[in-house]
Amino acid sequence: MIYQLPVLIVVQLLLGSFLMPIVGRIRNQLIPHISLFLMGLANVFSIILLFRVVREGNIHYHLGNWAPPWGIEIVADLLGAYMAVIITGISFLVLVFAWRDIQREINYALRGWFYTLVLLISGAMVGMVLTNDLFNLYVMVEIVSLCGPALVAIRNNRLAVEAGFKYLVMIALGSGPILFGIALIYMITGHLNMTFAGQEVLNVIHEYPRVALLAQAFFIVGFGVKAALFPLHVWLPDAYTSAPSPSSALLAGLAAKVYIVGLTRVLFNLYGIDVLATTPLFTILKVMAVAGIIMGSIMALNQKDIKRLVAYSSVAQIGYIFLGLSLATGFSVTGAILHILNHALIKSMMFLCCGVIIYQKKTSNVDELGGVGKEFPITMICFGIGAFAMVGIPMLNGFISKWYISLGALEYGGLAGLMYLLVIIISSLLNGLYYLPVLIKAFLGGDSQKETVFDKAPITLILPIVILAAGIIILGLLPFVPLQIAADAAQHLLGQ
Amino acid sequence: MAEALAALGQNYFFYYALILFMVGFYTTLSHSNILKKIIGINIMETSIFLFFVALGYVEGGQAPIMGRGAEGGPYMNPLPSALILTGIVVSVSITAFALALMVKLYHFYGTLDADEIVMLRGERQ
């Protein structure tokens, strides 16, 4: 059974999602229990998978027992198994949070569909990070892409539907280029398996340099739109702001990262680092990443809505990940892979904190949140931990990944390296500038007569947040295990 | 020059697909009518299907079915057609979902013009 694990995780989540509407027909109350059970099981399987991959190396799985050039191949390598653990773990916590939260945020009739969508999107995300087949990747990308707007529009009010439609149009514009890129790669190599296509690209790249370059451009645009790389991020603030809080946590924490992993896999596996270095790809990505880091932080500065503020900070954080990848040194890629985990923890926790506050106060305006820290100390302390981790205070996990990306910038060398270091430092200061006012208002502002009361929110809302905050501190103090995995995965990507 | 023209003539469907792709992309981005945006997405995706299917076409090739006389002779590559079948399903789902959201949008805002919807949304906030 252990050899079926890579495909089992995907299949049980997808099957579970298709079963949910039927379960809803029989007994509506069973849906949350069954989805939580399936997601927990998937998380246990992913952890076992990661252990095995660390111990014994990559697991190759041939679907239907057809060998690779013809059949679809699933490869559980370090990056894929590591992402699978993150995806299923955070989805599990989000589902726990959603148990009570969606009773306020989503209509009764639509609640069952929320679980269907969460199971579907998680299954597709795990499939996307594990697959080694280009067309299979495309199908998984499409499933994630269609679930995203649905998770936004499920709130079913005028703002959410508009944001969902905008998200859908942008993401549909992104899937066209991805399919075109795959068609071009298939045209010049005749393979859809990434390993075989990658070997063939090296043979034919001198014959068709322009086609290979065009495919690369298509991949960047397609995945860039979906991952909200800076100038293509326009759908992001509205979508994350108007979605229900669990959906925002899921989309911001996981969906955006998974596209980055998809892009990394396609580019590094197909072209290899040597070919990529000869094309202008890394320069373009670096410019867009730096612009995203600075502009995302600046746009977050004057936001009045707490969810919109957190959403804009996502644009900057995605910039960090792209910067780390495009510097393409050992340290920076390690930092980028680690930042995927760290940002997934921090950002989903912050959206869940926003969810608790909106659940209780029924407002998301920063100005009206004075003194909220005295009413909900646990929630706001966790929010503060997240904010400090985002700024990069030592002992918290955000510091480690920023440190590695900065080391990568120094390793990159020269004036440019120093400039990237400066960008990271400036952006950290900006992060502090827009998070601190919220914290100051929450703990020092407002009615000082109010005495400290324990958080009155239900335990299922508080528990996921506390677990994520504990994860942030633990990974800040003892980052060794994920760091080692990220370093090995980076080495594998860079082919050293 | 003559060589380039000959290459163009041989691969005319590639260029045609690219032009169609850009037409679709431009339509989606430039029109403010929501229905036209959805039509633009469809044009864009159709152009890719055309491109992909054209890749597998072989002049005078047979359908690759055993026992139907295709053995020995040239036959068409069936893989792109099979893949595009999946692509069409994806495209149909995107279109259906977008149309459903369009109905909702009309219900909430009373218009199908994206610019007007942005204005109406700003007023209510």
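The values are calculated or read from the model by the stated rules, or taken from the named source; none is laboratory data. In this text, all values refer to a predicted model and were calculated from it rather than measured experimentally. All Cβ positions, even for glycine, are placed from backbone atoms using ideal geometry, and neighbour counts span all protein chains on display.
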(message) Given the criteria buried (at least 19 other Cβ atoms within 10 Å of the Cβ), within 9 Å of another protein chain (Cβ to nearest Cβ), assigned to a helix (DSSP H, G or I) and not polar (S, T, N, Q), does A:GLY174 qualify?
(response) no
(message) Among the residues in region A:66-83, are any part of a helix (DSSP H, G or I) and surrounded by fewer than 23 Cβ atoms within 10 Å (Cβ to Cβ)?
(response) no
(message) Residue under question is A:GLY71, and the condition is that it be without any contact (Cβ under 8 Å) to a residue 12 or more places away in the chain and over 22 Å from A:GLY262 (Cβ atoms); does it hold?
(response) no
(message) As an exercise: evaluate B:GLN62 against (1) among the polar types (S, T, N, Q); (2) touching a Leu at 6+ places or on another chain (Cβ under 6 Å); (3) away from every other protein chain (no Cβ under 12 Å) and give the number of the one condition it does not meet.
(response) (2)
(request) Name every residue in region B:80-121 that is over 30 Å from A:LYS166 (Cα atoms) and either away from chain A (no Cβ under 11 Å) or modelled with pLDDT under 85 (or both), in order of residue number. (result) B:SER81
(message) Of the residues B:TYR106, B:TYR15, B:TYR57, B:TYR26, only one is of a type in the set (Ser, Thr, Tyr) and outside any helix (DSSP H, G or I); which?
(response) B:TYR57
(message) From the list A:LEU483, A:LEU444, A:LEU436, A:LEU468, exactly one residue is at pLDDT 85 or above and more than 19 Å from the chain's Cα centre (by Cα). Which is it?
(response) A:LEU436
(request) Can you confirm whether region B:7-30 contains a residue that is away from every other protein chain (no Cβ under 13 Å), surrounded by 13 or more Cβ atoms within 10 Å (Cβ to Cβ) and either among the small types (Gly, Ala, Ser) or more than 12 Å from the chain's Cα centre (by Cα) (or both)? (result) yes
(message) Pairs please, first residue from region B:89-112 and on the phi > 0 side of the Ramachandran plot and surrounded by fewer than 17 Cβ atoms within 10 Å (Cβ to Cβ), second anywhere and at pLDDT 95 or above and in a helix (DSSP H, G or I), Cβ atoms under 9 Å, 6+ apart in sequence or on different chains.
(response) none
(message) Please verify whether A:THR264 is in contact with a Leu (Cβ under 8 Å, 6 or more places away or on another chain), surrounded by fewer than 21 Cβ atoms within 10 Å (Cβ to Cβ), under 25 Å from A:TYR186 (Cβ atoms) and among the hydroxyl-bearing types (Ser, Thr, Tyr), treating the condition exactly as stated.
(response) no
(message) When you scan region B:71-79, do you find a residue that is within 30 Å of A:TYR167 (Cα to Cα) and at the interface with another protein chain (Cβ under 9 Å from one of its Cβ atoms), even just one?
(response) no
(request) Check A:GLY57, A:GLY24 and return the single one that is loosely packed, with under 15 Cβ neighbours inside 10 Å and modelled with pLDDT under 90. (result) A:GLY57
(request) Report the residue count in region A:27-38 for those that are in a helix (DSSP H, G or I) and under 14 Å from A:PHE114 (Cα atoms). (result) 7
(message) Tell me which helices (runs of 4 or more DSSP H) are completely within region A:244-333 and hold 2 or more residues being in contact (Cβ under 8 Å) with a residue 24 or more places away in the chain, within 19 Å of A:MET349 (Cβ to Cβ) and among the basic types (Lys, Arg), or say none if there are none.
(response) A:306-327
(message) Name the residue that is nearest to the other protein chains (Cβ to nearest Cβ), counting only residues in region A:119-163 that are surrounded by 24 or more Cβ atoms within 10 Å (Cβ to Cβ), under 18 Å from the mean Cα position of the chain (by Cα) and farther than 30 Å from A:GLY71 by Cβ.
(response) A:PRO149
